[in-house]
Amino acid sequence: MPYAYDWLVVGAGFAGSVLAERLASQRGERVLLIDRRPHVGGNAHDRLDAAGVLIHQYGPHIFHTNSEAIFDHLSQFTAWRPYEHRVLARVDGMEVPIPINLDTVNRLYGLDLTSAELEDWFAARAEPVDEIRTSEDVVVSKVGRELYEKFFRGYTRKQWGVDPSQLDKSVTARVPTRTNRDDRYFGDAFQAMPAEGFTRMFERMLDHPAITRRLGVDYADVKTEGLAPRTIFTGPVDEFFGHRFGRLPYRCLRFDHRTLDQERFQPVAVVNYPMSEDYTRITEYKHLTGQKHPKTSITYEYPSDVGDPYYPIPRAENAALYKRYEALALQTPDVWFVGRLATYRYYNMDQVVGQALATFRRIEQALPRPGARETGLEPALSTAL
């Protein structure tokens, strides 16, 4: 009995949607795309709330990349609204720029330093670290203990549920420290928001006659149906293997969405709370979208150990456990594991797109189209960007 589809793609976020589109449009193959949620877009899904304000259902998503190829690829499916993300942190009763820059230090300490003087100021407070291994090491070796305590320790403990001294250096290394007045959160060459929102971009990406979408469907409910000979899996890799070696730790999030009868709530899209409150940050979406509306919608964000998995927790013991699942993945025929959860890596959106495009190139090599040269490559877990 022939298969109904050529591919089963599990997960309609960036990884799954990018690959579904490539397989359908470039190879002309039939794709069944499923997602346990009732919508496309994964965590980047946005929607109009009851007041008519466009919000991000799963917290703020800001697109930024240094890859022109990735930006151009997504530009097939959306126009862009230029947007440079700025974040403030509530510290010592003040709202100051984060990442830490010249204005942050001058305002916190009542100083009037120049950029050159700030370099010396940081150097005088930095603590020598023989080997940078943890997130704490990254920060104290650059700016010292006091700024680490004010900006990073409390926020990181809320966000990840462990002290920065127990987290891999990659977590805080993502946040730069600046000696100038640049208050942009990201320094990438391309920074923009989809003009009509992320969900509309995904809908255009998936608008192809060879793609069938089944939403609100769990992989466990269809995996035995024999729908397709090959699978793209973007969910948690430990779940795919029935948690054979135990559960991989993921950090979860809870969102408290509120609409206010006022036009603006805060001066920037995101304000972090590293020293106080149970929540990590408050997001106001109209800054991101440019939407004009007499009301505004905000979200309080609470990290948790319970709920949908969002972030792989970068600790040495977790990486070791993942390696056992990775070995299984590499031995599993006709399944490609792609994305943040499937490869247990803390990727940005653009990195997931890059990984998906790299996976498609691997598929093209492993499964040549009729008349193409056989290469003998096997399907595998993709980590290339």
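For the reader, a short list of remarks on this structure follows.
- Taken over the range 97-112, the criterion of being outside any helix (DSSP H, G or I) and crowded, with 16+ Cβ neighbours inside 10 Å is satisfied by PRO97, ILE98, PRO99, ILE100, ASN101.
- Any hit, the range 187-206, residues being closer than 30 Å to GLU119 by Cα, of a type in the set (A, V, I, L, M) and not assigned by TED's automatic domain parsing to the domain that holds SER135: yes
- Failed item, numbered, when PRO368 is tested on (1) in contact with a strand residue (DSSP E or B) (Cβ under 9 Å, 6 or more places away or on another chain); (2) surrounded by fewer than 16 Cβ atoms within 10 Å (Cβ to Cβ); (3) of a type outside the set (Gly, Ala, Ser): (1)
- Selection of strands (runs of 3 or more DSSP E) fully inside the range 43-91 by the criterion of at least 1 residues being in contact (Cβ under 8 Å) with a residue 24 or more places away in the chain, surrounded by 15 or more Cβ atoms within 10 Å (Cβ to Cβ) and touching a helix residue (DSSP H, G or I) at 6+ places or on another chain (Cβ under 6 Å) returns 46-48, 54-56, 63-65, 87-91.
- Hits in the range 6-42 (condition: of a type in the set (Ser, Thr, Tyr) and touching a helix residue (DSSP H, G or I) at 6+ places or on another chain (Cβ under 9 Å)): SER17
- Tally of residues being buried (at least 17 other Cβ atoms within 10 Å of the Cβ) and free of Cβ contacts under 8 Å to residues at least 60 places away in the same chain across the range 288-301: 2
- Screening PRO274 on (1) assigned to a loop (DSSP other than H, G, I, E, B); (2) surrounded by fewer than 18 Cβ atoms within 10 Å (Cβ to Cβ); (3) out of contact with any Asp or Glu (no Cβ under 8 Å at 6 or more places or on another chain) shows it passes everything except condition (2).
- For the criterion of being outside the structural domain of ILE62 (by TED's automatic domain parsing) and either more than 23 Å from the chain's Cα centre (by Cα) or at pLDDT 95 or above (or both), VAL222 passes.
- Some residue of the range 261-271 being of a type outside the set (Val, Ile, Thr) and not in a loop (DSSP other than H, G, I, E, B): no
- When the range 221-233 is filtered for residues that are of a type in the set (A, V, I, L, M) and either part of a strand (DSSP E or B) or farther than 19 Å from ALA15 by Cα (or both), the ones remaining, listed by number, are VAL222, LEU227, ILE232.
- Selection within the range 301-339 - farther than 21 Å from GLN166 by Cα and assigned to a loop (DSSP other than H, G, I, E, B): GLY307, ASP308, GLN331, THR332, PRO333, ASP334, VAL338, GLY339
- Within the range 206-233, residues that are closer than 18 Å to LEU23 by Cβ and free of Cβ contacts under 8 Å to residues at least 24 places away in the same chain reach no partner that is charged (D, E, K, R) and surrounded by 12 or more Cβ atoms within 10 Å (Cβ to Cβ) with beta carbons closer than 8 Å at six or more positions or on different chains.
- Applying the criterion of being under 30 Å from GLU284 (Cα atoms) and not hydrophobic (A, V, I, L, M, F, W, C) to the residues of the range 237-256, the residue that is farthest from the chain's Cα centre (by Cα) is ASP256.
The values are calculated or read from the model by the stated rules, or taken from the named source; none is laboratory data. The model shown is predicted, which means the values in this text are computed figures rather than measured ones. Don't worry about glycine lacking a Cβ; one is built from the backbone with ideal geometry, like all the others, and counts go over all protein chains shown.
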